Amino acid sequence: MKQKIEISIFLVLMIAITLSAQPWLQNDAMFNSSGVPSLPFSQPRFADLDGDSDMDMILGNINDAPHYVENIGSITSPNFSQGSNIFAGISPLDAEMGICADLDDDGDLDLISGGFSGLNYFENIGSVTVPEFQIVNDFFAGLIVGQNPVPDLADVDDDNDLDMIVGLSENGSVKIYINSGTVNLAQFSEDNIINIGDVGLYAYPNFCDLDADNDEDIVVGRDAYGIVYYQNNGDPQNGVWEINDTIFTGIGNETYWNSPGLTDINGDGTIDLIFGTVAGPLHYYENNGTPEVPSWLENTTLFGGVIDVGSASNPFFYDFDDDGDTDMVSGSQMGDIKYYQNIGTSYAPAWEEDSSYFTSIDHSIYSAITLGDVNNDGLPDAIVGDLSGNFFYHRNTGSGFVFENEVLNFVALGGWSAPRLVDMDDDSDLDIIAGNEAGNLFYFENQGTPDVPDWVEITNYFNGIDVGSNCVPSIGDLSLINGLDVITGDMWEEVQFFENIEGIWTENTSIFVGVSGEQNTTPALVDLDDDGDLDLVLGNYSGTLNYYENLHYNVGSDEELPTLDFYNLHNFPNPFNPSTTISFNSTSENTELLIYNLKGQKIKTLTVTLSGDEGSATWKGTDYNDQPVSSGIYFYKLVVNGKTETVKKCLMLK
């Protein structure tokens, strides 16, 4: 008994030490396999920013300064990943979006941006391969462009200097400023402009020679559906821009606030279309026609895989389809419910939206949903909160949800209710924990039965916890010490951790140091990699999700005593590049090591070497075809005598 007590104390100390060490690994590829962030009011533009001859992306948005998204692929096979912060120090007020061009003719690319402060010019004082931008004050002084103008640059009059097109926000006007300066000292004025047209509101113009006749055409997005194409029917010296409404027929008609970027992204000699939207995810149409006559084919692979509920994601995880893995539901700003089925595995989720079963659930805006079998009929029911501060109970009939108004109609939390179902008192029925707009936590104990719930508010259960504003809770045993813990998000991007110590809820500020989301952070605790500990998912006001893998020291448990991994499966180095050695304990000749990607697809079987009771294998970061895999998280599975014994993960970094 003494030995068990000593080991238990050791394990508790190890848990406490590792919790304070904060090993949270952010890996947003869990909800965005493309590597390209989904940002509200996204505005993609393209340029070779690292001097490697392929097209990188400048991704403008409404939240912050443009993001640099590097093409880590090639000219003909692009692959994008968040690059270094080359736009650090640039205020979002000066640069809601930006394009890159060599405005001073010194051989490197400068940044010309549009933002709340108007047009701005940032000179590249770095190099072709490592740009560094410094603002040139008042460069565009005197131009009447208002707030949030959208620029692009090209030589439209064939005099070898760069002219500028600008789309206006206030009235949707599109006008070209002819460069009256020189190739290395541009000058623009209101006295030398060409008015192209008016597309409504928020014009997003982009130069391109879409018909390959050696002059600049203009493609314009707008605060409306569709895309407007002004074809240049003049010549390189004297442009005549006229609307051609046949080229983009049917494209962008289901998305809003389309902002196009046009470039030959796949190196086939034709100009492709990539456009952002108010929702954020990028849309890519390959030009499978000719340089003179484009023909569009949507490509959902390059920028696909982004989960974005539109705005105000509020995730909750539950095995809704009862297939042994965890699915996800989320509320949204518009109040509808999004359901994402896990079509991967329990340790490598892959998500597919199918919200049809939840279409009957629609209340006020800013919805929050929780699931659980509250009437013990084997079907997961739904409780929804929204901006009203009320609760709405939807019973699952097996063919859909039925709203039952008389259940929970007494709840009024004063605004923006966010409920979560959990058996808080361990009596085998489901209680409700909830947050509200004022930042408070509430506990409704189920004093009925598992078949007939009767929820009663227990006042001051959380000792007056107040996180300031827009409190959203999640519940789980994160500390592995004192039972269920509560974490909360708030309006200010923070995540707080509260544990119940002898009946008093106490905040531990060390647990989530360095972890933050966006405005109105909505957390969820869930074991998404099936390694026995709880990971952290953050919903964002932008509609996207962040994933933080829990790398805390994890111990298993049985009825007698916590035990460590019997097979001691691990890899070194981790992260790795270009190879890693996976080691384990096994004496069986029938031992396999299998490699899986994040989608749960097996990509490699390794050759195992055994020596005594120890084994090892080397993975060189390649797939079955011996092709190098991309950066990211991969799983390695140890199979002994045909049985999966343990699964671990490793991180490839290039």
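The values are calculated or read from the model by the stated rules, or taken from the named source; none is laboratory data. Note that this is a predicted model, so its numbers are computed, not measured. Positions of Cβ are backbone-derived with ideal geometry, glycine not excepted, and every protein chain shown enters the neighbour counts. These accessible areas exclude ligands, DNA and RNA; they are computed on the full protein's heavy atoms, side chains included. Shrake-Rupley method; radii C 1.70, N 1.55, O 1.52, S 1.80 Å.
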Query - Residue list for the range 510-524, filter: at pLDDT 90 or above and either assigned to a loop (DSSP other than H, G, I, E, B) or open to solvent by 20 Å² or more (accessible area, probe 1.4 Å) (or both) - result: Thr521
Query raised in the report: Are any of the residues in the range 65-83 part of a loop (DSSP other than H, G, I, E, B), closer than 22 Å to Tyr541 by Cα and either more than 21 Å from the chain's Cα centre (by Cα) or not β-branched (Val, Ile, Thr) (or both)?
Result: yes
Requested in this report: Find the residue count for the range 633-654, including only residues that are of a type outside the set (Asp, Glu), in contact (Cβ under 8 Å) with a residue 60 or more places away in the chain and open to solvent by 20 Å² or more (accessible area, probe 1.4 Å).
Outcome: 7
Query raised in the report: Picking from Ile144, Ile165, which residue would you name as being under 23 Å from Tyr256 (Cα atoms) and modelled with pLDDT of 95 or more?
Result: Ile165
**Report entry** Restricting the range 418-474 to residues that are of a type in the set (Phe, Trp, Tyr) and open to solvent by 20 Å² or more (accessible area, probe 1.4 Å), the residue that is farthest from Tyr366 (Cα to Cα)
**Finding:** Tyr461
Report summary line: Contact list, first residue from the range 379-398 and at positive phi, second anywhere and among the hydrophobic types (A, V, I, L, M, F, W, C), beta-carbon distance below 6 Å, six or more apart or interchain, is Gly389/Ala412; Gly389/Leu413; Gly398/Leu379
Query raised in the report: So Ser479 clears everything in (1) under 19 Å from Leu371 (Cβ atoms); (2) surrounded by 15 or more Cβ atoms within 10 Å (Cβ to Cβ) except one condition, right? Which one?
Result: (1)
Query - Complete set of residues in the range 252-274 that are among the β-branched types (Val, Ile, Thr), over 24 Å from the mean Cα position of the chain (by Cα) and either within 16 Å of Tyr230 (Cα to Cα) or part of a loop (DSSP other than H, G, I, E, B) (or both) - result: Thr270, Ile271
Query raised in the report: Here are some residues: Thr301, Thr263. Which one is in contact with a strand residue (DSSP E or B) (Cβ under 6 Å, 6 or more places away or on another chain) and of a type in the set (Val, Ile, Thr)?
Result: Thr263
Query - Residues of the range 516-542 satisfying the condition of being of a type in the set (Val, Ile, Thr) and over 15 Å from the mean Cα position of the chain (by Cα) - result: Val526
Report summary line: Apart from one, (1) outside any loop (DSSP other than H, G, I, E, B); (2) in contact (Cβ under 8 Å) with a residue 12 or more places away in the chain; (3) in contact with a strand residue (DSSP E or B) (Cβ under 7 Å, 6 or more places away or on another chain) all hold for Thr506; the odd one out is (2)
Report task. Spot the failing condition for Pro291; the list is (1) buried (at least 16 other Cβ atoms within 10 Å of the Cβ); (2) under 24 Å from Ala29 (Cα atoms), and only one is missed. Result -> (2)
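Out of Asn179, Asn214, Asn160, I need the residue that is assigned to a loop (DSSP other than H, G, I, E, B), of a type outside the set (D, E, K, R), under 30 Å from Ser295 (Cβ atoms) and modelled with pLDDT of 95 or more. Which one? Steps first, answer last, please.
Numbers: Asn179 fails: under 30 Å from Ser295 (Cβ atoms); Asn160 fails: under 30 Å from Ser295 (Cβ atoms).
None of the other options fit; the residue is Asn214.
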**Report entry** Entirely in the range 583-623, the strands (runs of 3 or more DSSP E) that have 3 or more residues that are surrounded by 18 or more Cβ atoms within 10 Å (Cβ to Cβ)
**Finding:** 591-596, 614-619
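Output the number of residues of the range 291-310 satisfying the condition of being touching a residue at least 24 places away in the same chain (Cβ under 8 Å) and part of a loop (DSSP other than H, G, I, E, B).
Looking only at that region, the number is 12.
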Report task. Go through the residues of the range 201-208 one by one and say whether even a single one is free of Cβ contacts under 8 Å to residues at least 60 places away in the same chain, in a loop (DSSP other than H, G, I, E, B), farther than 30 Å from Leu545 by Cβ and open to solvent by 20 Å² or more (accessible area, probe 1.4 Å). Result -> yes
Requested in this report: Test each condition in (1) buried (at least 16 other Cβ atoms within 10 Å of the Cβ); (2) out of contact with any Gly (no Cβ under 9 Å at 6 or more places or on another chain); (3) on the phi < 0 side of the Ramachandran plot for Asn409 and report the one that comes out false.
Outcome: (1)
**Report entry** Qualifying strands (runs of 3 or more DSSP E) (wholly inside the range 311-393; at least 1 residues being within 23 Å of the chain's Cα centre (by Cα))
**Finding:** 314-318, 327-331, 338-342, 351-353, 368-372
**Report entry** Candidates Asn171, Asn184, Asn233, Asn238, filtered to the one that is without any contact (Cβ under 8 Å) to a residue 12 or more places away in the chain, loosely packed, with under 15 Cβ neighbours inside 10 Å and in contact with an Asp or Glu (Cβ under 8 Å, 6 or more places away or on another chain)
**Finding:** Asn233
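Please go through the range 304-329 and pick out each residue that is in contact with a strand residue (DSSP E or B) (Cβ under 9 Å, 6 or more places away or on another chain) and within 27 Å of Leu273 (Cβ to Cβ).
Gly304, Gly305, Val306, Ile307, Asp308, Val309, Gly310
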Query raised in the report: Quick one: what pairs do we get from the range 92-104, first residue assigned to a loop (DSSP other than H, G, I, E, B), second hydroxyl-bearing (Ser, Thr, Tyr), C-beta under 8 Å, 6+ apart or different chains?
Result: Leu93/Ser117; Asp94/Ser113; Asp94/Ser117; Ala95/Ser113; Glu96/Ser113; Leu103/Tyr121
Query raised in the report: Does Ser474 satisfy the criteria of being out of contact with any strand residue (DSSP E or B) (no Cβ under 7 Å at 6 or more places or on another chain) and not aromatic (Phe, Trp, Tyr)?
Result: no
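Kindly check whether there is at least one residue in the range 296-316 that is closer than 19 Å to Asn206 by Cα and surrounded by fewer than 23 Cβ atoms within 10 Å (Cβ to Cβ).
Quick first cut of the range 296-316, residues closer than 19 Å to Asn206 by Cα only: 296.
Right, trim to surrounded by fewer than 23 Cβ atoms within 10 Å (Cβ to Cβ) and you get 296.
Checked against the condition, which is being closer than 19 Å to Asn206 by Cα and surrounded by fewer than 23 Cβ atoms within 10 Å (Cβ to Cβ), the range 296-316 yields at least one hit.
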